[in-house]
4 protein chains.
Amino acid sequence: MNRVLRFGMVGGGEGALIGDIHARGATFDRKSALVAGCFSRDAAKSEITARKWGIDSDRVYATYREMAEKEAAREDRIDYVSIVTPNNSHYDIAKTFLEHGFHVVCDKPLTVELAEAEELKRIAEQNGLLFCVTYTYSGYPMVKQAREMVQRGEIGDIITVMAEYPQEWVLHASKLSWRMDPSQGKSCCVADIGVHIAHTVSYITGLRIDSLCADMLSHGPLMELDNNANMMVKYTSGATGMYWCSQVAAGSRNGLKIRLFGTKGSLEWQHDRYEELQLALSGKPLQLLARGRDPMFPAAAAFNRLPGGHPEGLYEAFANIYAAFGAELSGILDGSGSGAAADYPRIDDGIDGVRFIDKCLESSQGGVKWVPYS
Amino acid sequence: MNRVLRFGMVGGGEGALIGDIHARGATFDRKSALVAGCFSRDAAKSEITARKWGIDSDRVYATYREMAEKEAAREDRIDYVSIVTPNNSHYDIAKTFLEHGFHVVCDKPLTVELAEAEELKRIAEQNGLLFCVTYTYSGYPMVKQAREMVQRGEIGDIITVMAEYPQEWVLHASKLSWRMDPSQGKSCCVADIGVHIAHTVSYITGLRIDSLCADMLSHGPLMELDNNANMMVKYTSGATGMYWCSQVAAGSRNGLKIRLFGTKGSLEWQHDRYEELQLALSGKPLQLLARGRDPMFPAAAAFNRLPGGHPEGLYEAFANIYAAFGAELSGILDGSGSGAAADYPRIDDGIDGVRFIDKCLESSQGGVKWVPYS
Amino acid sequence: MNRVLRFGMVGGGEGALIGDIHARGATFDRKSALVAGCFSRDAAKSEITARKWGIDSDRVYATYREMAEKEAAREDRIDYVSIVTPNNSHYDIAKTFLEHGFHVVCDKPLTVELAEAEELKRIAEQNGLLFCVTYTYSGYPMVKQAREMVQRGEIGDIITVMAEYPQEWVLHASKLSWRMDPSQGKSCCVADIGVHIAHTVSYITGLRIDSLCADMLSHGPLMELDNNANMMVKYTSGATGMYWCSQVAAGSRNGLKIRLFGTKGSLEWQHDRYEELQLALSGKPLQLLARGRDPMFPAAAAFNRLPGGHPEGLYEAFANIYAAFGAELSGILDGSGSGAAADYPRIDDGIDGVRFIDKCLESSQGGVKWVPYS
Amino acid sequence: MNRVLRFGMVGGGEGALIGDIHARGATFDRKSALVAGCFSRDAAKSEITARKWGIDSDRVYATYREMAEKEAAREDRIDYVSIVTPNNSHYDIAKTFLEHGFHVVCDKPLTVELAEAEELKRIAEQNGLLFCVTYTYSGYPMVKQAREMVQRGEIGDIITVMAEYPQEWVLHASKLSWRMDPSQGKSCCVADIGVHIAHTVSYITGLRIDSLCADMLSHGPLMELDNNANMMVKYTSGATGMYWCSQVAAGSRNGLKIRLFGTKGSLEWQHDRYEELQLALSGKPLQLLARGRDPMFPAAAAFNRLPGGHPEGLYEAFANIYAAFGAELSGILDGSGSGAAADYPRIDDGIDGVRFIDKCLESSQGGVKWVPYS
């Protein structure tokens, strides 16, 4: 299909970081156009965003409900909606758009309650609608390359996983943000970044958690919710892992790092060096694999735009998620079925994230005890 | 001015890397729209690009001359043209568009002959037209930060400059590309990447070359033009420097690296870690400054889109050049004069690049002797 | 005292790595001389070592018991003994020498059984004898510098500790070594390298473990004892930590790494970059502190031999431990008391290590449950 | 031969850094013993050193001449002398000991005048005496490994060499040291560290300089001699190189770095990561080779004492030079001839260093012009 996909956005008003990232990412390859939106409860902010994107004023909506209804009635209706609001509103918004027949892209974590996430899945399936949950890091080509390598057995069976995601912003925070607000969610750190660890590990390795033991901690005067969590996991394969996420780790900007140790070798990806992989095969020297320079498997190379040594960044990682989602959606809309099984995170990944948060809370609130994962 | 700038492109047909980078960069912030083009001599390729960018078929032109003439006659004519063709065509194309009253953005190196570059300057000035030459690396925020730091004296007076730009692609080349073809230019390596060293050093430090000594070398079976050059320079300030560029440096993807050693400290930026600066102030520990994390001067911070730890890459560096150029152009078009003296590389930088190539050739062909720079 | 200390060694016969390291370390500063030994049960091996060190043949002993007895009877008797045998013999040997009135240096882990370690302490105290346990990593000057910085509050109160010690040698092992042999010990990985994590963290921070949860695992065909352990700890201060040690981590030579995250900043030392510290103070750029280049506290600087940029390695770390032990011992022997409270690991550190192993075993064998530490 | 070699030292009195390094290095493996010396003109300092090394008082000499004469008359005379005095005294001292029949180890640079160096060679050859010049960096096992790899063709024919040795100490110097004093030498920076670049490159690659162009510069108030030098070289093979040495490079402790770019790959060794090599073979990922972990050629592996991950440092590099020299000397003394052609820097390397300094001076003082090297 050559038609450019039309999408609308809920959230992302002027000044909102993540909404702007989604909008640029979705349109990066000129295969989606942002044509409608309910960007903010503040009409002025919504207007600024609409103007920036050249959106007709009759497609700028005061409420997401109005947007869903009116778009559903248009002949040139949007093909999908992107939901980039705070977490506790995802459920209502997503449900509304699904019920009006729209495919959905939603930021993570998917919902606050596990039952909500599962209900969204049910509705999406009933209506035959796609549902993408934007776990950013799975959009990086070298994360995809890692997945290919691991799943083809290059490092053998995984023995242990060391994964972490430290940040430092809460150390410097002077007032509560919505992320830290217990009235808006049950977890801050695990919900915001712990889920990225869980997803990225799962995405690369395919490992399923069997049980976990999580110590969620809160440091500093502002905190009621967790801003640091230590976690041990056991996978169903018998492998084990340790996860650490923190928002009070001085010096850490955004340090997602995944290290996988297998029977034949180890593999490391870290966000600080996101265009590289470090590979240590047993009995061979350490190797540094660079995006665009060294051979990549087709499933990863397909997401390269620039040759080696020319960095692509976060916007491009988002663009990759939207590209895969868009490819599948186009194949549905034109009836060709091309793009089926495209590589983007789906509603099951969203549900897994909410379950991960729930299990961490259950473990931590029970005195940091092991909890089974099923 | 809120109007989106309209621009056309010469070159950049389907499959052309640099044209696509320009197009994405120019439109990244939704302040320029690509509305016309003469993308390729191959009409089919030109058509693919036009369709991708949603360009009306009557604005897809067979020749750049036709494009200049017909666009000049339109009421909704383009505001500027981007020239992304091989180097030896820059002069004719730029001259044509300047003569038809269009502002110009042109890739580097500006021209093959110095006299051509100087003539373009004369025409642009006579017609009151802006002329931007896209030296990529000056678009990175941390390069701008380095410039601010150096020019404010943070590392004192510069003693010596160590700058290099190694690549490896010629080692692996199996046939001549236009870059290597002596019928299309006088230099391969210095013209392609040596000029980036010269510009980035000049941009950060303001140092002017007084004399240089260059050894341009050609290795391997395919080469008639240089693919490796060793250079020593003396600046008018009394400082000295060593430059090295190479296209036969195994293991080097795209390794531009600038190290500045001053009386109070040293500063290092390298493309492999483009979001960082390494600062060594006398008597203090080494510091690693990270984009978006550590304080930046306003002139550099203005080009940040994402907070620290969220990488922006090459497309964004191009977007920064276009953003500054576009800001100045908008101020001219709306009569406000806002954006004057914006931070982007101009025609004088383009002329400097061509002179640098000429001086290297003069030195090298004269038996690697020192040549004065004025 | 200017007299060179005389010492003997048990273990360390030709081909033994650790004994040679002890011997070179002890004599590195010409303040101890190796004059007696029972280096091996293999008389030929023992002889080679004796000859290398210029030891009189009447001071080369067939058994450690003979050595203790005969040395005790000499006028020029050794001042101390170094015990560098496999772990399960430490107790008997150390006890014997203590009972004959010799000061002792012993490799880690101190003993197999906690009660044995505690008994050694009792005997040493009763006899007024020094007892040093050679935890290598506390001998590095930058580890000492880290200790000074932390204990002076430079990074504030510690929130969380991330510490690890991965190696890879068991992956490549083709037969059981004594370390892996369940008849010679209760733990392989935790006993060999886990104790280094516990000691180095304790040494730098002074944190005391309150409870821990350890998952000791065994991978591969050869193993009965642990070769990988994941551990969570809670300290009495309320801080938490995660420890990981492994001997099956492909690509890891000897990767002890300690990261400390405090309320004012973080500090990182890793053995791969053992002459540096990475310091991230809140609101300041990352700093890389280099041994001999950047200011060090006197208690750390006292152990520098070479200026910055001239690396000292493992032998010198051992030399530092022996230097401190020797200084205290000399002060005792000459009656001056100088060198008291010198900075070297003592028997309490040795006991702590054995307790750490025991607690990990108790936790792991109990189904990976939290166990209190007192 | 099992006899321990006896040696004496000229220079190296209490407080002298380099003498202590030599003494520890020479005795590190217990194959040489320091038994005589003329350590300082200051008798008290000389005495302290003598006592530290347990030297009989009748072998502590007031002048080197007395030492040469009296040692020559002893039955247990020293086998060789180590000369660790300031550069401008090397010639007289070495000549004296050679004339008394002693083998010599001398620090670099060998002499101030080229003719002096050549005369020392003549005398040594006439007397059949060994002469070692201690270029430190050739003692590191990974430098030896690099040599083996290059000379076996692993990176093909060398195209270009990038080598540098920046330090920063002169930036912080408040008074003249002997190194900077024009009455004691003709060069500071090139003589002290430039020669290490020249030797290390020559040692690894075997390349011979055909011509060079050097710009020797002096920055700051204290300087009359050079403290920064930029150099271009052409080798007889047709390869080229750039060398840079500096003592005013803020942030650089002791940054010798050698990068070799060949037709099949590139290889990098840097002192800051002295236990590693970075290898980039064409068409393969970057590899990091680690001492003791990855395969080494026998000629390099022979100098390993510790396994991978256990760092050996500067003392051990010196020990390696003395070990090779001592092996050859022992083979001569016992008549076996074993150890012939051992791997240590010889008088020809010393002569080359003095010539390198001379050629740099000739080039620089001639207006930075190319000078032929023969």
Quick one: compute the contact order of region B:5-129, relative version, from alpha carbon pairs under 8 angstrom and 6+ residues apart, as a percent. 24
Where both residues lie in the protein assembly as shown, what percent of DSSP beta bridges are antiparallel, nearest 5? 60
Computed about the Cα centre, the charge dipole of chain C from +1 Lys/Arg and -1 Asp/Glu charges at the Cβ has a magnitude in debye, to the nearest 20, of 660
How many nanometers, to one decimal and shortest first, lie between the label point of residue D:62 and those of its other copies, if labels sit 7 Å from Cα toward Cβ? 5.6, 10.4, 10.8
Based solely on its DSSP helices, what 222 nm [θ] is calculated for chain B when runs of n ≥ 4 H residues each add -39,500 (n - 2.57) and the sum is averaged over all residues, nearest 500 deg cm²/dmol? -10000 deg cm²/dmol
Unit charges on C-beta of K, R, D, E only; dipole of region B:221-342, Debye: 500
Where labels lie 7 Å past Cα in the beta-carbon direction, separation of residue B:75 and residue D:224 in nm: 8.2
Highest mean first, how do C:356-367, A:230-241, D:122-133 rank when packing is the count of other Cβ atoms within 10 Å averaged over residues? A:230-241, C:356-367, D:122-133
Inside 10 Å of the C-beta atoms of B:219-226, what's the mean count of C-beta atoms belonging to other chains? 1
Between copies, how far does the label point of residue D:346 sit from its twins, in nm, shortest first, when each point is 7 Å from Cα along Cα→Cβ? 5.7, 6.4, 7.2
For residue A:362, inter-copy label-point distances (7 Å, Cα→Cβ), nm, shortest first, read 3.0, 7.8, 8.3
Using only Cα atoms, tell me the angle between helix C:64-73 and the longest principal axis of chain C; keep it within 0 to 90° and round to the nearest 10. 60
Signed unit charges on C-beta, dipole axis of region B:138-198, positive-most listed residue B:178, B:194, B:150: B:178
Where does helix B:347-365 land angle-wise versus the long Cα axis of chain B, in degrees 0 to 90, nearest 10? 60
Normalised by the number of residues in chain C, what is the relative contact order in percent for Cα pairs under 8 Å and 6+ residues apart? 19
Evaluate peptide C:286-294: per residue, the Cβ atoms of other protein chains within 10 Å of its Cβ; return the mean as an integer. 6
Using alpha carbons only, how many angstrom separate the centre of region B:25-87 from the centre of region A:26-105? 31
Other chains near C:252-262: what is the mean number of their Cβ atoms within 10 Å of each residue's Cβ? 5
I'd like the orientation of helix B:17-27 relative to chain B: the angle between its Cα long axis and the longest Cα principal axis, in ° from 0 to 90, rounded to 10. 80
Which of the pairs A:186/C:234; A:257/B:144; D:31/D:186; D:70/D:121; C:144/D:175; D:186/D:257 have their Cα atoms more than 27 Å apart in this structure? A:257/B:144; D:31/D:186; C:144/D:175
Looking down the axis that turns D into C, which residue of D has the closest beta carbon, and how many Å out? D:313, 2
Restricted to chain B, the DSSP antiparallel beta bridge percent, nearest 5, is 60
Rounded, prolate or oblate (a/c below 1.5 giving rounded, otherwise prolate when a/b exceeds b/c) for region C:226-324 by Cα gyration tensor: oblate
Shape call for region D:5-129 from the C-alpha gyration tensor, a ≥ b ≥ c root eigenvalues: rounded (a/c under 1.5), prolate (a/b greater than b/c) or oblate? prolate
Applying the gyration tensor rule to the Cα atoms of the protein assembly as shown (axes a ≥ b ≥ c; rounded if a/c under 1.5, else prolate if a/b exceeds b/c, else oblate), the class is oblate
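All of the numbers you see were taken from the coordinates with simple rules; none came from a lab. It should be emphasised that the depicted structure is a prediction, and the values quoted were computed from it without experimental measurement. Please note: Cβ atoms are built from the backbone with ideal geometry, for glycine as well, and neighbour counts cover all protein chains shown.
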